[in-house]
């Protein structure tokens, strides 16, 4: 059965509200059998809620769900799995200390006559599935010894072994590098060829064009568009997501950073032959006031390690680091902050927000020593400062005392950005500043960065989005395997040139 | 019905439903938010109705003097739990500090110079307690031992050391100066009650008004984020275990002062459990990030009242333990509800 037959899944008029506020209102989703279906929308558009209803985590308030032609009634993720719906979550939900086989077959192990686990059959079944993915690994080894990408594929293998008819992938590539993404794509294509449908949720629009057949766009809890992917452009998808006009977006450009137009001032810092270990072995890098220097390279090329080294979070094992006006380079984050360096980390949840704390407490965390006298926090001053940043950055919050975990991803990121802007930085290190935030917040964050660059802040920008680097940076230092291998300057950088440089053999 | 009016209706429904949640939900959230206070009120009511002589001043004094030690230790425990840790050694530290004090003011030098002996009997045991806390803190933050294992070391050995120091004997003494800590009255109420209150106010102030408190909560809420924001994580952790042990030391001295005797085998026995229970009942989250100091005080009062209620009504100790367990279960259940 192809796309022309009855859909595998059909969700209509789905409504759901939490504590009185409407999360979904008239959302719909229809996926054909053997189709790869993209689902996109800004943060807070209702994608996660819709998926959680589909997988039995939440119970819907309104609407119908039909799966394989019958009304779907499920009350738990396990029931969803039994019905043929498997989910690969953003945060992997596997057991790293147990073997690959155990992870694939957990809870559904083949049994022998004596009702003990038939390991031979289990290993064989696991190996067969993984070979089908083009993956040849030791299935008896603990899962944790393999890379994130392989773990992700194992999670998919688990779904396949459970005879899933629909596999839901939520941001599957957020922690994969380019090559691993290609492996994932080939697995998705094999699933499709075998008649399994895939619901693919991603912030990366390019990926949708690479593998999806159709795409559904959500906005404000409703489904606003549903197209065959061949008939839409990236720009029109963004327009759907934002609810804005295509022409309007086109004239604004895709990024707000304005690379190549900034006037560089005096030197902020200079690193020569910098090394901190095997993942950062030789880095030459300099940033001037009022310019954006990008770090280009694949995941694992040492970009984040470079940022950590400059911030004093990792001890140097070689090379030299000189900051203008500082006798010695910072040896700890506290010293770096005192020297006017801010570091917006890549992993917002693990290294950025303190979830229990309020917006106010999160925002002033790095500035705190400067806000205290004799150990006592000057509270009036703190409140005034936070109020100023909430207004200036357009942070959407019910108040500065709201716990930060209740904010959307984009607004959390703005608070974290404010945490660093508050220290009046000379240098801002931004590691994936717009990852996982919706398109609207992305433009706003880029505009804020731009504004501070114009005021003379030096920015070191790490981004996996080539577009952001190419259009945003004044210079791009290209890294491979912990070594800086080249330097490009704007104007004149194109995505093509950057990719060539990143892929070049050193 | 045309679509515009449908939208309007729909909007109205949205607004009114967001204004007030349904009755049952409201009731549940009230219970979750004020569960501790409601439990306290219920306990008081039961006692007034059933416990003989509950409304006598003597009952109040007994309960205050008992609750003070639990509260003092529970406040320290709450701070430790706020960093995502736990301190099992508080009972042992109580025994150690309590065993040292009579040895000091009872020594030849202490008898020859009573004032010096008295001062030393406060200062030295508390210094030893601080050292115990520093040991715990270094084990946990520098050597990265799990808190439950690290504090287990002193949990086992601390009481042993105390018993060795006293040859396992009960030491009785008569020293009115020292005993004031346990038997003195200020404005008609037991001194240690005031002491516990003072410590609570001080701890609340530190947590909510100073950079140290903010750092404490940041470390408990997200250690990696705190470290990258310049928070001195190690110093915070060592400090909090030192404060906890210091407070346990004070509680140990209070117990000895109440009894005019030091029994290293019983002083602070099972106190770690009472303190953890009081902290949890008071709203502390075991994964860290929250430090409800007055909650701990309230939790201690509830734990004490349950003990007293059962005791005064002639119910055996063993049953009292089960009742305590039920309270913890109820507190945790309420916390789960709160998280939703």
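Things worth noting here:
- If only residues of region B:205-215 that are touching a helix residue (DSSP H, G or I) at 6+ places or on another chain (Cβ under 9 Å) and at the interface with another protein chain (Cβ under 7 Å from one of its Cβ atoms) are counted, the one that is surrounded by the most Cβ atoms within 10 Å (Cβ to Cβ) is B:214.
- In region B:177-268, counting only helices (runs of 4 or more DSSP H) that sit wholly within it, the ones holding 3 or more residues that are touching a residue at least 12 places away in the same chain (Cβ under 8 Å) span B:191-209, B:211-221, B:233-259.
- Residue A:27 meets the stated requirement of being modelled with pLDDT of 90 or more and crowded, with 19+ Cβ neighbours inside 10 Å.
Per-residue answers, yes or no, for (1) farther than 20 Å from residue B:269 by Cα; (2) more than 19 Å from the chain's Cα centre (by Cα); (3) at pLDDT 95 or above; (4) facing chain A (nearest Cβ under 10 Å):
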{"site": "B:188", "(1), (2), (3), (4)": "yes, yes, no, no"}
{"site": "B:200", "(1), (2), (3), (4)": "yes, no, yes, no"}
{"site": "B:217", "(1), (2), (3), (4)": "yes, no, yes, yes"}
{"site": "B:245", "(1), (2), (3), (4)": "no, no, yes, no"}
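- Selected residue (only one of A:32, A:75, A:41 is surrounded by 17 or more Cβ atoms within 10 Å (Cβ to Cβ), away from every other protein chain (no Cβ under 14 Å) and over 24 Å from residue A:193 (Cβ atoms)): A:41
- Count of region A:337-362 residues, restricted to those that are facing chain B (nearest Cβ under 9 Å), crowded, with 17+ Cβ neighbours inside 10 Å and assigned to a loop (DSSP other than H, G, I, E, B), is 6.
- Matching residues in region B:41-52 - criterion: being part of a helix (DSSP H, G or I) and out of contact with any helix residue (DSSP H, G or I) (no Cβ under 6 Å at 6 or more places or on another chain): B:41, B:42, B:44, B:45, B:46, B:48, B:49, B:50
- Some residue of region A:152-172 being farther than 29 Å from residue A:57 by Cα and touching a strand residue (DSSP E or B) at 6+ places or on another chain (Cβ under 9 Å): no
- Matching entry among B:55, B:79, B:60, B:31 (being at pLDDT 80 or above, more than 20 Å from residue B:268 (Cα to Cα) and in a helix (DSSP H, G or I)): B:60
- Region A:378-411, residues that are touching a residue at least 12 places away in the same chain (Cβ under 8 Å), more than 23 Å from residue A:450 (Cβ to Cβ) and within 14 Å of chain B (Cβ to nearest Cβ): A:382, A:383, A:401, A:403, A:404, A:405
- Leading residue by the ranking (nearest to residue A:124 (Cα to Cα)) among those in region A:173-191 that are modelled with pLDDT under 85 and touching a helix residue (DSSP H, G or I) at 6+ places or on another chain (Cβ under 6 Å): A:180
- Verdict on residue A:84 being within 14 Å of chain B (Cβ to nearest Cβ) and at positive phi: no
- Conditions (1) within 13 Å of chain B (Cβ to nearest Cβ); (2) within 26 Å of residue B:205 (Cα to Cα); (3) surrounded by fewer than 19 Cβ atoms within 10 Å (Cβ to Cβ): number failed by residue A:367: (3)
- Residue within region A:463-478 that is in the same structural domain as residue A:368 (by TED's automatic domain parsing), outside any helix (DSSP H, G or I) and at negative phi present: no
- Selection from region A:298-336 of residues that are over 18 Å from residue A:267 (Cα atoms) and within 11 Å of another protein chain (Cβ to nearest Cβ): A:308, A:312, A:313, A:332, A:333, A:334, A:335
- Hey, residue A:197 farther than 20 Å from residue A:106 by Cβ, in contact (Cβ under 8 Å) with a residue 60 or more places away in the chain, buried (at least 19 other Cβ atoms within 10 Å of the Cβ) and out of contact with any strand residue (DSSP E or B) (no Cβ under 6 Å at 6 or more places or on another chain) or not: no
- Residues of region B:267-312 that turn out to be closer than 20 Å to residue B:202 by Cα and within 14 Å of another protein chain (Cβ to nearest Cβ), as a count: 6
- Residues of region B:268-318 that are within 23 Å of residue B:240 (Cα to Cα) and more than 12 Å from the chain's Cα centre (by Cα): B:268, B:269, B:270, B:285, B:286, B:287, B:288, B:289, B:290.
The values are calculated or read from the model by the stated rules, or taken from the named source; none is laboratory data. Keep in mind that this is a model prediction, so the values were computed, not measured. Positions of Cβ are backbone-derived with ideal geometry, glycine not excepted, and every protein chain shown enters the neighbour counts.
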